[in-house]
Every structure is written in structure tokens, then in C-alpha cells.
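Take a look at the structure below.
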Amino acid sequence: MAQSEAQDHAPVIIIGAGTSGLAAGACLRTLSIPFLILEREDCFASLWQKYAYDRLKIHLKKHICQLPHAAFPACYPDYVPRELFIHYLSDYVSRFQLGPSILYGRAVEWASYDDVVPGKWAVRASSGEVWAARFLVVASGETAHPHTPRVDGLDRFDGKVLHSTQYKSGEDFRNDAVLVVGSGNSGMEVSLDLANHGAKTSIIVRSPVHILTKEIMYWSGFLLKYLPFKVVESVAVILSKLVFGNMSKYGIIRPSEGPFTMKLKYGKFPIIDVGTCKKIKAGEIQVLTAEIERIKGNNEVLLKNGKSYHFDSIILCTGFRRSTNLWLKDDSMLNEDGFAKQIGQNHWKGKKGLYCVGLARRGFYGAGIEAQNVANDIKSLL
């Protein structure tokens with residue numbers, strides 16, 4: 001491709017208009033650095049606007065989840081529900097005049113350095129357009145592509161099969177026998193919502209999981225400022241045992257490693273319980289402890305322990321995959337799964353003007369810090 005075909009309108013290109021991309025844009029805007037944001041969807045924060053279930057709330061207190069340079073309104077509850085969060089993001093886009101800088105419907109096909117324009121990053125979108133910039137900020141998100149596991153016979157299941165991104169409310173499943181596959185926070189909360197709406201709910205919980213309350217999470221974060229990591233983690237586990245008791249009799253095993261250790265080592269978040277455990281103890285949600293072997297005829301689901309069950313619907317809360325390894329022609333910063341290779345002082349910075357925001361599994365708070373670090377670093381180089 002000829003150099004003249006690449007558009008060069010701003011020194012910075014941001015990939016993704018999710019919360020991380022918006023945070024990066026706002027931080028650049030406060031430093032008067034021009035940028036473009038390329039977004040594959042037709043709106044900003046599409047995960048929240050289009051692909052989140054109705055009852056979703058942020059599980060951490062609002063002051064931890066606010067984006068850079070804009071606190072949540074004082075009238076918002078501590079744990080912000082989806083609709084209010086979308087309103088907050090809309091105000092954020094307006095406040096920092098991000099709208100004119102966002103180009104929608106531009107899924108990135110490849111991004112490479114020095115191939116099209118010497119000394120610059122070139123980014124090609126599905127629209128056929130090519131942009132060039134000195135700096136590239138990857139903010140495409142941890143939840144880029146819904147993951148559907150391979151299950152023998154799933155394509156022949158004669159009922160509803162939805163990924164959690166397609167799920168809205170348990171009202172659509174009243175009186176149905178529903179299997180939830182995946183026991184992360186989404187799986188647990190979807191199970192609760194189904195049970196609340198009268199569905200006969202089962203959830204597969206194959207691996208040991210930590211279960212905490214919102215309050216335990218909040219006070220753990222507070223105590224980490226003053227006490228050693230291991231002490232705080234031990235207190236959190238003790239409090240969890242006091243609140244939830246022995247969940248192993250219901251099929252939920254506590255891991256040998258602590259909840260925050262598992263978060264740091266494996267990126268595995270503890271479950272923040274919002275009522276699911278009470279439903280499990282009451283027998284309103286059935287826990288199944290074996291993975292699916294195959295789907296048989298008549299909507300029979302055979303598990304690897306030999307037991308089989310009939311279900312009307314299956315909800316796949318099986319997470320997401322990232323695709324940066326397919327389009328980013330650089331491996332200095334992100335691993336094959338699309339996360340920052342090393343979590344440390346400068347994990348957000350690659351080589352030759354390459355950066356990432358929101359790919360270190362550090363939540364809103366961590367992404368906000370990364371966005372400001374990236375903006376400051378770019379400012380120092382201009």
C-alpha cells in the first residue's frame with residue numbers, strides 16, 4: 001500500500017471505545033493531545049449498552065470505578081446499576097468532547113509499525129480505510145469476543161442457547177429448566193436472576209471458587225493500605241467462612257490459595273455474592289460439579305460423571321477471548337491471550353510508541369491509572 005493512502009490526522013490512534021478507550025481519550029484531551037478512536041461497534045461502551053443483562057450492577061463501590069477526571073454524581077448509589085453507569089459514560093463522552101474523535105464501524109484488521117509510513121503505526125479497518133499515527137493505544141478490552149465452548153451436540157439442542165451477552169432477564173425463562181454453564185460472577189448472577197423469575201435453575205461449578213461479599217471486598221481494599229497482603233487475605237477468607245459457612249456440601253469448594261493471590265496469579269476474580277448462595281442453600285439453584293460430556297437427543301445433557309438432565313435452555317457464561325494476536329503485528333507488550341505480558345511498573349508500555357490500557361486485569365481503577373500514565377508518557381515525547 002502506498003504511503004499516500006494512509007490518513008494521518010492525529011498523533012495518537014486508540015483502538016476501542018469501551019471504558020478503557022474513553023478513559024485514554026479523556027486523559028489525552030486534558031493534555032490537549034489530538035487523537036482518533038476506532039470502534040468496531042456502532043456505539044461507545046457497547047458491552048454496557050448492548051450486551052449486559054438488565055440487573056447488572058458494578059460490584060465495587062463507585063469511587064473505585066470512576067473514570068479519570070470525573071467522579072460519579074453524589075446522588076448515585078454506592079454500587080452503580082447498569083442504566084446509571086451508561087448515563088455516566090454518556091456525560092463523560094460529552095464532558096471531554098470525545099464524540100467527534102470516535103469513528104464507529106471500524107473493526108481493526110491489522111496494525112503494524114513502519115510498514116506503510118516510515119516511523120509510524122498504520123492501522124487498517126474493515127471499512128478499508130488506513131490511518132497512520134506516531135502512537136498506538138490498544139484499549140480493545142478484556143471482553144472483546146464472547147467465547148462459546150465446543151460441546152458435542154450443542155448445535156442440535158432443541159431449545160434456547162444464549163451467551164451471557166445475549167441474556168437480558170430471567171422473565172424470558174419463567175418455569176423453564178435452565179442450565180447455566182460457567183461459575184464466574186456473570187454465571188452466579190444470571191443464575192440468581194433466573195431463580196428470582198421462577199426458572200428451575202442449575203449451574204455447573206467445576207472449579208474451586210472463593211465467595212466474598214461486597215463489604216468484604218471493600219474493607220479488604222481499605223485494609224491493604226495499612227496491613228500486609230497475606231494478613232488481609234487471611235481475614236477475608238475467615239470472614240467468608242463466617243458469612244457463608246461450609247459451601248462444600250452444596251458442591252462449591254474453597255480453593256487452597258487465597259482470593260487475591262488467585263486474582264494476581266491467574267486473573268481469576270472471587271465471586272461477589274449478591275444473593276446466589278442463599279438460593280443455593282434453599283435448593284432453588286442446583287449446583288452440578290461435572291462438565292458436559294455431550295448433548296443427547298430430547299434436550300438431555302450428559303455430564304462427565306455419567307449423570308444426565310433435561311433442560312429447556314442453556315445460558316453460556318463462559319467468558320471472552322481477545323483477538324489482538326490476530327491483528328497487532330507486535331508481540332512486545334501483550335501475550336497470545338491479549339493481556340499485558342507482565343504486571344509491573346510499565347506493563348502498559350510497549351516499543352515504538354505502542355501502549356495498552358485496560359488489559360492488565362486490574363479493573364476500572366487500574367485502567368484509569370494506565371490511561372493517565374499513557375497520556376503523560378505521550379506528552380513527554382511530543
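Here is how the numbers come out for the structure above:
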quantity	calculated
Count of residues meeting criterion [exposed (fewer than 15 other Cβ atoms within 10 Å of the Cβ) and either assigned to a helix (DSSP H, G or I) or among the acidic types (Asp, Glu) (or both)] in region 224-256	10
Those residues of region 82-106 which are in contact (Cβ under 8 Å) with a residue 24 or more places away in the chain, of a type outside the set (Val, Ile, Thr) and assigned to a helix (DSSP H, G or I), in sequence order	Arg82, Phe85, Leu89, Tyr92, Arg95, Ser101
Residues of region 135-160 satisfying the condition of being closer than 14 Å to Asp312 by Cα and either part of a loop (DSSP other than H, G, I, E, B) or within 21 Å of the chain's Cα centre (by Cα) (or both)	Phe157, Asp158, Gly159
Region 61-102: number of residues that are among the polar types (S, T, N, Q), open to solvent by 40 Å² or more (accessible area, probe 1.4 Å) and farther than 11 Å from Phe364 by Cβ	3
Unmet requirement for Leu302, which otherwise passes all of (1) in the same structural domain as His59 (by the TED database); (2) without any contact (Cβ under 8 Å) to a residue 40 or more places away in the chain; (3) open to solvent by less than 80 Å² (accessible area, probe 1.4 Å)	(1)
Pairs, first part of a helix (DSSP H, G or I) in region 38-50, second β-branched (Val, Ile, Thr), C-beta under 7 Å, six or more apart	Leu47/Thr143; Trp48/Ile86; Gln49/Ile86
Single condition Trp327 does not satisfy, out of (1) touching a residue at least 12 places away in the same chain (Cβ under 8 Å); (2) within 30 Å of Asp176 (Cα to Cα)	(2)
Answer residue from region 263-273, given it is open to solvent by 20 Å² or more (accessible area, probe 1.4 Å) and at pLDDT below 95 and is nearest to Pro81 (Cα to Cα) among those	Phe269
Restricting region 50-60 to residues that are open to solvent by 20 Å² or more (accessible area, probe 1.4 Å) and within 16 Å of the chain's Cα centre (by Cα), the residue that is farthest from His197 (Cα to Cα)	Leu60
Counted residues, region 359-380 - those being under 20 Å from Asp331 (Cα atoms), open to solvent by less than 20 Å² (accessible area, probe 1.4 Å) and at pLDDT below 95	2
Residue list for region 132-171, restricted to those being at pLDDT 95 or above, out of contact with any Gly (no Cβ under 7 Å at 6 or more places or on another chain) and aromatic (Phe, Trp, Tyr)	Tyr167
Verdict on Gly297 being at pLDDT below 95 and open to solvent by less than 70 Å² (accessible area, probe 1.4 Å)	yes
Selected residue (criterion: nearest to the chain's Cα centre (by Cα)) from residues of region 103-119 that are of a type in the set (A, V, I, L, M, F, W, C), closer than 17 Å to Ile37 by Cβ and surrounded by fewer than 20 Cβ atoms within 10 Å (Cβ to Cβ)	Ala107
Residue within region 199-213 that is more than 26 Å from Leu47 (Cβ to Cβ), of a type outside the set (A, V, I, L, M) and open to solvent by 50 Å² or more (accessible area, probe 1.4 Å) present	yes
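This table checks each residue for (1) open to solvent by 40 Å² or more (accessible area, probe 1.4 Å); (2) outside the structural domain of Lys349 (by the TED database); (3) within 23 Å of Lys349 (Cα to Cα); (4) touching a helix residue (DSSP H, G or I) at 6+ places or on another chain (Cβ under 6 Å).
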position	(1), (2), (3), (4)
Trp121	no, no, yes, no
Asp155	yes, yes, no, no
His163	no, yes, no, no
Gly170	no, yes, no, yes
Val178	no, yes, no, yes
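The values are calculated or read from the model by the stated rules, or taken from the named source; none is laboratory data. Everything numeric here is computed off the predicted structure, so don't read it as measured data. All Cβ positions, glycine included, derive from the backbone under ideal geometry; neighbour counts span all protein chains shown. The accessibility values were calculated without ligands, DNA or RNA, using every heavy atom of the protein model including side chains. Shrake-Rupley method; radii C 1.70, N 1.55, O 1.52, S 1.80 Å.
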